[in-house]
Amino acid sequence: MRRESRGRGLAAAALAIAALAAWAPARAQTDITALAQRAGPDREARLLAGARKEGEVDVYSTLVSEDMAAVAAAFEKKYGIKVKYWRASSENVLQRAVTEAKSGRYDVDVIETNGPELEALAREKILARATTVHEADLLPQSIRPDRRWTGLRLNMFVQAYNTNLVKPADLPRTYRDLLDPKWKGKLAIEADDADWFAAVVRDMGETEGLRFFRDLVRTNGIGMRKGHTLLAGLVASGEIPLALTLYNHNAERMKKKGAPIDWFQIQPAYARVNGVSVAARSPHPHAALLLFDYMLGPEGQEILQKANYIPINTKLKNPNTRSSLRFIDPAITLDSGGKWEKHFDDIITHQAR
């Protein structure tokens, strides 16, 4: 199965971003950077007063629609500000934000997506510098040095298995246990998880890590599916006995509904930070910052936690975290993604059954 390269998508977006200065016309508006960095006990009241005049906030998000809808409903109930949102893949969120900025169209207020895509937008000043009143309560790994985006939730990579087909006692304890012949024809990976692949290879040592994956593909094979939700469903249905890369919330959600699926983690375990940001040319800057603070605060984070995401606000406990995590740096993913995309394609994509 041939997958669309996420790295090539990021590269194409970067080329489009490079033309923004020439294409995007100047536009008078609220100084969102000054507004975004204003703190103090009256911040919420000031933002709400402005937000009521603006009337709405527009969001581009990769959250599952029902989860973004839950956040929107709670925010609207609390503040009376309408939330409009568009849900798409991280690649499509990036491409739409870039295309609109290039054409001088400024519709989006808040962008929620994967770290590498946000990092690409941040570097080209499409995102505003924004601090939040909740910063002291957030995981250190969620705070970016330039404050152009902030971690919102953790996508924790896990391995998941069909409980009717695989016994817990038979689960691999190390990555090298996957070379056991009993796993032949039973493994699959999500098609865009080259950053997880890169992290595993680097921790093994690049030469040894690349050799391991070549041996694994040659001896037992690795299937490939596009979409973590789809892959979780295929594990639950029994089509795929063991998935190498799911997010914990994919498996946990199906498990709670009674599906024969459970998850575990081969150590070391990895997490990717998904973030939230405010557009530098937000048409509704007060409402944008009000939602930004809300999503990072205890109320918004609790909604995400109930949907089985791992919150980054330390005021909430993380019951789904079963181990210490290594964080995949989005800057490294962006800067060296082409190298790892090529290795991923050569070793796994082109050989996937």
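The values are calculated or read from the model by the stated rules, or taken from the named source; none is laboratory data. What you are looking at is a predicted structure, and each value in this text was computed from that prediction instead of being measured. Cβ placement follows ideal geometry from the backbone for every residue including glycine, while neighbour counts extend to all protein chains displayed.
Any residue at all in region 111-124 that's in contact with a Lys or Arg (Cβ under 9 Å, 6 or more places away or on another chain) and either surrounded by fewer than 18 Cβ atoms within 10 Å (Cβ to Cβ) or not assigned by TED's automatic domain parsing to the domain that holds VAL59 (or both)?
Yes, region 111-124 has at least one match.
Take ALA287 and tell me if it is crowded, with 17+ Cβ neighbours inside 10 Å, more than 19 Å from the chain's Cα centre (by Cα) and under 19 Å from VAL59 (Cα atoms).
Working: crowded, with 17+ Cβ neighbours inside 10 Å: yes; more than 19 Å from the chain's Cα centre (by Cα): yes; under 19 Å from VAL59 (Cα atoms): yes.
For ALA287, the condition - crowded, with 17+ Cβ neighbours inside 10 Å, more than 19 Å from the chain's Cα centre (by Cα) and under 19 Å from VAL59 (Cα atoms) - is met.
Residues that are in contact (Cβ under 8 Å) with a residue 60 or more places away in the chain and of a type in the set (S, T, N, Q), at least 2 per element: which helices (runs of 4 or more DSSP H) completely within region 61-126 meet that?
Working: elements: 65-79, 90-102, 115-123.
Of the helices (runs of 4 or more DSSP H) lying wholly inside region 61-126, those with at least 2 residues that are in contact (Cβ under 8 Å) with a residue 60 or more places away in the chain and of a type in the set (S, T, N, Q) span 90-102.
In the same structural domain as ASP203 (by TED's automatic domain parsing) and out of contact with any helix residue (DSSP H, G or I) (no Cβ under 7 Å at 6 or more places or on another chain): is that true of LYS306 in this structure?
On the way: in the same structural domain as ASP203 (by TED's automatic domain parsing): no; out of contact with any helix residue (DSSP H, G or I) (no Cβ under 7 Å at 6 or more places or on another chain): yes.
So LYS306 does not fit the description; no.
Could you tell me how many of the residues in region 323-344 are buried (at least 17 other Cβ atoms within 10 Å of the Cβ) and assigned to a helix (DSSP H, G or I)?
8
Any residue in region 251-263 that's in the same structural domain as TYR161 (by TED's automatic domain parsing) and part of a loop (DSSP other than H, G, I, E, B): show its pairings with residues that are of a type in the set (S, T, N, Q) and surrounded by fewer than 19 Cβ atoms within 10 Å (Cβ to Cβ) at Cβ separation under 6 Å, as long as the two are six or more apart or on different chains.
Correct list of pairs: PRO260/THR163; PRO260/ASN164.
Of the residues ARG353, ARG322, which single one is in contact with a Phe, Trp or Tyr (Cβ under 9 Å, 6 or more places away or on another chain), modelled with pLDDT under 95, within 25 Å of PHE264 (Cβ to Cβ) and of a type in the set (Lys, Arg)? Steps first, please.
Numbers: ARG353 fails: in contact with a Phe, Trp or Tyr (Cβ under 9 Å, 6 or more places away or on another chain).
One residue alone meets the criteria, ARG322.
Taking the stated definitions as given, is LYS315 assigned to a helix (DSSP H, G or I) and either under 24 Å from ILE266 (Cβ atoms) or touching a residue at least 24 places away in the same chain (Cβ under 8 Å) (or both)? Lay out the reasoning, then the answer.
Numbers: assigned to a helix (DSSP H, G or I): no; either under 24 Å from ILE266 (Cβ atoms) or touching a residue at least 24 places away in the same chain (Cβ under 8 Å) (or both): yes.
So LYS315 fails the test.
Cβ contacts < 8 Å: first residue free of Cβ contacts under 8 Å to residues at least 60 places away in the same chain, restricted to region 32-59; second residue small (Gly, Ala, Ser) and assigned to a loop (DSSP other than H, G, I, E, B), any location; separation 6+ or different chain. Result?
Final answer for the pair search is ARG52/GLY80.
Within region 99-141, work out how many residues are hydrophobic (A, V, I, L, M, F, W, C) and over 18 Å from the mean Cα position of the chain (by Cα).
Within region 99-141, the subset hydrophobic (A, V, I, L, M, F, W, C) is 101, 108, 110-111, 118, 120-122, 126-128, 130, 133, 136, 138-139.
Narrowing further to those that are over 18 Å from the mean Cα position of the chain (by Cα): 101, 108, 126, 128, 130, 133, 136.
Counting residues in region 99-141 that are hydrophobic (A, V, I, L, M, F, W, C) and over 18 Å from the mean Cα position of the chain (by Cα) gives 7.
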